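Here the structure comes first, spelled out in structure tokens, and everything after it is commentary.
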């Protein structure tokens, strides 16, 4: 006999048929019909996470690892609001998620009934679309509507630009099947498939671009955050071989396998003199990917703006980050670069101009690398030196995760070498918040057999301590905790560090260390309290022995600032030689 919740139970069947195999479920009663459906479907792996904020970031990490939407479910009331930081990150980082929020019947909203709030469109503009399912399931039209909306939601989450989609599901009591009642799935279900667009240029578009291309001589390509994509990397190799175009890329661009990529622009652009910056100004700027870390790069391109700025993006809203965009090219970067590489080369004189421009960027990159190497080889030891030691010793195939604030910036200053081509870099740079960096890494660790290494600061780490509050082993997790007992970035940036309120209201000094937390959650705790212990500690840290591990480095906030300022000073002085 069919249950009154049959069309709800069949949501799990539909998700499985459309390739959604991972679900993060938060405890609650109102969501019981969906919880039972997901947990009893044999093709969906379910995990329960008690803290909704952490659960949502874990689901985000799972989606990033799979490059497919994860299912996320909570009960009614304020539980849904706790998903909001992760949903916003998913929206701006273009990560697909399918978010189910259980709800009370509509007539009970604002009637002093427990765990009842206005849940319709609770995530506002931070989802690609919101759906509110029918709360009565008997009529065939409602059953059709539920199937249609869930099909559509999953398809939309996968459309470019990918992102989160919200499905609000009201339930009437009783919520549970009769004692020992079974849940069954329908024998057949409608699956609406979507054929994606090829996102390629047509003949008129390629002709116009081909005509415009010879007009520019000093061409610069800037890559924002990107997933690892070997097809794109090959097309970038072909493009640079054809035209000698310098490529500027942060560590989160995942382009470290490319030779001669400019990885250290953030180090030298903030320190080099005006006359050097003038020579680096592009005629044509081509941008691909999402956000960049480097503030110095943003300031440089906003001030020394190009004659033209072409941004390549297949679909979605296009940000004008550098304030001088002139053309949006609706194509995948791979397709666009492959087309450019096919254009016959220009005359020798024009080629030489581009080659000379490329060499200018190469000279500055080498200068930054040389100065950085000198700085790291000194006897001074601080957070930057430790980040360098960890990154330099990353095992092959590691997933490197970077928490926000100074952690991601330290890693960007260090960079990855071409030989480390098998390492993938992840960071929550959609909103650049500290709130879920650890939980996102845990999501990756639950799905990936590779080592997952997180570099994080103390504020991000302790803020997200509930990332470990669950019952699932994560032996492949490694955390480097830079504990300077406060928000060091507010010492680094201009403004807050000089105010009398800095320690309490900006830096927010705190006395915690991670020893008790690691003991509480059964994590191996390693303390680096002297530089001479570093070699053995790195060996123990990366050893695969079935245990999650945290290395904590407690250091002085002011000393780290001095060491970092010394690096910038060395780069400035290098221009005086």
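Each reported figure results from applying straightforward, stated rules to the coordinates on display, with no laboratory input. If you're wondering where the values come from, they're calculated on a predicted model, not measured in any experiment. Every residue, glycine as well, gets a Cβ built from its backbone with ideal geometry; the counts of neighbours run over all protein chains shown.
In terms of the mean number of neighbouring beta-carbon atoms within 10 Å, the peptides 88-99, 20-31, 314-325 order highest first as 88-99, 20-31, 314-325. Here the gap between residue 121 and residue 499, fully extended at 0.36 nm per residue and compared with their Cα-Cα distance, gives a gain of 132.0 nm.
A Förster radius of 35 Å, combined with the Cβ-Cβ distance separating residue 283 from residue 432, puts the computed FRET efficiency at roughly 0.70.
Using only helices, what value at 222 nm comes out for the chain when you add -39,500 (n - 2.57) per DSSP H run of length 4 or more and divide by the total residues, to the nearest 500 deg cm²/dmol?
Only helices count here, giving -11500 deg cm²/dmol.
Note the full-extension length gain between residue 160 and residue 554 as 0.36 nm times their separation in residues minus their Cα-Cα distance, in nm to one decimal.
Here the segment from residue 160 to residue 554 would lengthen by 137.5 nm.
Counting only the Cα atoms, region 283-426 fills a convex hull of 162 Å³ per residue. The label point for residue 379 and the one for residue 562, both projected 7 Å from the Cα toward the Cβ, are 1.4 nm apart. Where a ≥ b ≥ c are the square roots of the eigenvalues of the C-alpha gyration tensor, would you call region 6-170 rounded, which needs a/c under 1.5, or, failing that, prolate if a/b is larger than b/c, or oblate? Note, shape of region 6-170 comes out rounded. For the pair residue 229 and residue 78, the difference between a 0.36 nm per residue extended length and the Cα-Cα distance amounts to 50.5 nm. Placing dummy labels 7 Å off each Cα toward the beta-carbon, the span from residue 138 to residue 208 is 5.8 nm.
Indicate the gyration tensor shape class of region 203-372 (rounded, prolate or oblate), computed on the Cα atoms with a ≥ b ≥ c the square roots of the eigenvalues: a/c under 1.5 is rounded; otherwise a/b larger than b/c is prolate and the rest oblate.
rounded
A Förster radius of 35 Å combined with the Cβ-Cβ distance from residue 303 to residue 392 puts the calculated FRET efficiency at roughly 0.55.
The modelled label-to-label distance between residue 544 and residue 417, using points 7 Å beyond Cα along the C-beta direction, is 2.2 nm. Counting neighbouring Cβ atoms within 10 Å and putting the fewest first, the residues 524, 138 line up as 138, 524. Using the Cα gyration tensor of region 441-577, with a ≥ b ≥ c the square roots of its eigenvalues, what is the shape: rounded (a/c below 1.5), prolate (a/b larger than b/c) or oblate (neither)? Prolate shape, in that a/c is at least 1.5 and a/b is the bigger ratio.
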